[in-house]
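A.B. asks: Below are the structure tokens for one structure; questions will follow.
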Amino acid sequence: MNWARTRKALRITLLATGLGVVLWLAWTARTDVARLVTTIKPGWSVAAVLLGVALNVLQGTVFSILLRKHGILDPVAVHVEAYLFSLVGKYLPGGIWAAVSQATAISGRGSLRAVLLANLELAAINMLLLTGIGVACIPSLPLIGSGLVVCATCVLLAIALRQQTMAIVLNMIAQLFPRLRISAPEESVTPPTWPSAVAFAFAMLVLCTATSSTVILASGQASLSTVPAMLALLCLGWTAGLIAIPVPAGIGVREASTLALWAILPNSFARGAVIAVMLLVRVWQLAVDLLSFGLALVIRAVMNSRSP
């Protein structure tokens, strides 16, 4: 009971601290944030939201691929609907509500175990995706180096989609710590083919880069030539936000990490401009997740109308 209370207090503290960081950043850059209202591009903003929803649908399809690897063979639409419906769960403390929502929507033997494994694999894939894009966009990296990073990221993403990533990790942990008695997942049931895995990996790279670039252009704080430098800051900062599981949606962690990278990586942005873009990203992400939630309701209604 005491541990449960401690965890609850810790989560509330982390949430309050994260929100405090965001509010403090907004206050210190209030001039740039106020100017954002006049510099924001409506056309780019609409495109960014639509691309964001499309990216969530693609993520839901990848989530379905991962579930099928673990034996959950429902139609792809069921998995995509469950994924889109669960997106609002990441804003709740604890970091488990999205998975709980998915497991409730996806029935079948071993569904909870498959959902947990699929979410762990999807988190690893997203970290790899964002890290690859971020590193490739570092301004000081030569063009050939950026190309090699993109190719390596695409190959690693395809491998992660095809292979039993968690089985490899759990086997390593079981060998290092036999006393934990960890049992690795079974072999993949229906892994995607290599051409399919490579195609999905490439699609994720392209759509994620296009979506993030559109958000940056929508802010009016960066030109087309400076978008890669801002992409490097945001993507690597987002990776840190994915690691911060106890903090809902990485609130505060992402912003602090991005500012730390701004101080380290070469760029020509003012601190206030970076903060303004980060705050716009927060608003954009919330709008995208709410629209994706609405799309999930539409998909559910269509599926229910077609069921006998």
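The values are calculated or read from the model by the stated rules, or taken from the named source; none is laboratory data. Here the structure is a predicted model, which is why all the values come from computation and not from measurement. For neighbour counting, all protein chains shown are included, and Cβ atoms are generated from backbone atoms with ideal geometry for every residue, glycine included. These accessible areas exclude ligands, DNA and RNA; they are computed on the full protein's heavy atoms, side chains included. Shrake-Rupley method; radii C 1.70, N 1.55, O 1.52, S 1.80 Å.
A.B. asks: Just for the stretch 12-58: of the residues that are hydroxyl-bearing (Ser, Thr, Tyr) and modelled with pLDDT of 80 or more, which one is nearest to Ala287 (Cα to Cα)? Walk me through it before giving the result.
C.D. replies: Start the filter on the stretch 12-58 by keeping residues that are hydroxyl-bearing (Ser, Thr, Tyr), which leaves 13, 17, 28, 31, 38-39, 45.
When the remaining residues are screened for being modelled with pLDDT of 80 or more, the result is 38-39, 45.
On the way: Thr38: 20, Thr39: 19, Ser45: 11 Å.
The qualifying residue nearest to Ala287 (Cα to Cα) is Ser45.
A.B. asks: Contact list please: Cβ distance under 6 Å, first residue in the stretch 77-89 and free of Cβ contacts under 8 Å to residues at least 24 places away in the same chain, second residue crowded, with 23+ Cβ neighbours inside 10 Å and assigned to a helix (DSSP H, G or I), pairs at least six apart or on different chains.
C.D. replies: Hits for this filter: Ser86/Gln102.
A.B. asks: Exactly one condition in (1) modelled with pLDDT under 80; (2) within 18 Å of Gly134 (Cβ to Cβ) is false for Ala184; which is it?
C.D. replies: The one condition Ala184 does not meet is (2).
A.B. asks: Among all residue pairs at least 6 apart or on different chains, which show Cβ distances below 7 Å where the first residue, located in the stretch 253-275, is more than 22 Å from Leu224 (Cα to Cα) and the second is assigned to a helix (DSSP H, G or I) and open to solvent by 40 Å² or more (accessible area, probe 1.4 Å)?
C.D. replies: Glu255/Val21; Ala256/Val21
A.B. asks: Another question about this same structure. For the stretch 41-54: of the residues being of a type in the set (Val, Ile, Thr) and open to solvent by less than 60 Å² (accessible area, probe 1.4 Å), which is farthest from the chain's Cα centre (by Cα)?
C.D. replies: Filtering the stretch 41-54 for residues that are of a type in the set (Val, Ile, Thr) and open to solvent by less than 60 Å² (accessible area, probe 1.4 Å), the one farthest from the chain's Cα centre (by Cα) comes out as Val49.
A.B. asks: Could I ask something else about it? Can you list residue pairs whose Cβ atoms sit under 8 Å apart, with the first residue in the stretch 141-155 being open to solvent by 30 Å² or more (accessible area, probe 1.4 Å) and the second being in a loop (DSSP other than H, G, I, E, B)? Count only pairs 6 or more apart in sequence or on different chains.
C.D. replies: Val149/Leu141
A.B. asks: Test each condition in (1) part of a helix (DSSP H, G or I); (2) surrounded by fewer than 19 Cβ atoms within 10 Å (Cβ to Cβ) for Ala98 and report the one that comes out false.
C.D. replies: Only one criterion in (1) part of a helix (DSSP H, G or I); (2) surrounded by fewer than 19 Cβ atoms within 10 Å (Cβ to Cβ) is unmet by Ala98, namely (2).
A.B. asks: Continuing with this model, one more query. Looking at (1) open to solvent by 30 Å² or more (accessible area, probe 1.4 Å); (2) modelled with pLDDT of 90 or more, which is the only condition Leu161 fails?
C.D. replies: Of the numbered conditions (1) open to solvent by 30 Å² or more (accessible area, probe 1.4 Å); (2) modelled with pLDDT of 90 or more, the odd one out for Leu161 is (1).
A.B. asks: Taking the residues in the stretch 190-225 that are among the hydroxyl-bearing types (Ser, Thr, Tyr) and under 17 Å from Ala136 (Cα atoms) as candidates, determine which candidate is modelled with the lowest pLDDT.
C.D. replies: That would be Ser225.
A.B. asks: Let me ask something else about it. So is Trp238 surrounded by 20 or more Cβ atoms within 10 Å (Cβ to Cβ) and modelled with pLDDT of 85 or more or not?
C.D. replies: On the way: surrounded by 20 or more Cβ atoms within 10 Å (Cβ to Cβ): yes; modelled with pLDDT of 85 or more: no.
The answer is no for Trp238.
A.B. asks: Shifting gears a bit: For Ile138, only one of the following conditions fails: (1) closer than 30 Å to Ser225 by Cβ; (2) open to solvent by less than 40 Å² (accessible area, probe 1.4 Å); (3) part of a helix (DSSP H, G or I). What is its number?
C.D. replies: (3)
A.B. asks: Among the residues of the stretch 57-91, what is the count of those that are open to solvent by less than 20 Å² (accessible area, probe 1.4 Å), of a type outside the set (Gly, Ala, Ser) and part of a helix (DSSP H, G or I)?
C.D. replies: 11
A.B. asks: Take the residues in the stretch 260-292 that are aliphatic (A, V, I, L, M) and more than 20 Å from Ala218 (Cα to Cα), then tell me which one is surrounded by the fewest Cβ atoms within 10 Å (Cβ to Cβ).
C.D. replies: This residue is Ala263.
A.B. asks: Right, something else. Considering every residue within the stretch 101-119, establish whether at least one is on the phi < 0 side of the Ramachandran plot and within 13 Å of the chain's Cα centre (by Cα).
C.D. replies: Among the residues of the stretch 101-119, at least one is on the phi < 0 side of the Ramachandran plot and within 13 Å of the chain's Cα centre (by Cα), which makes the answer yes.
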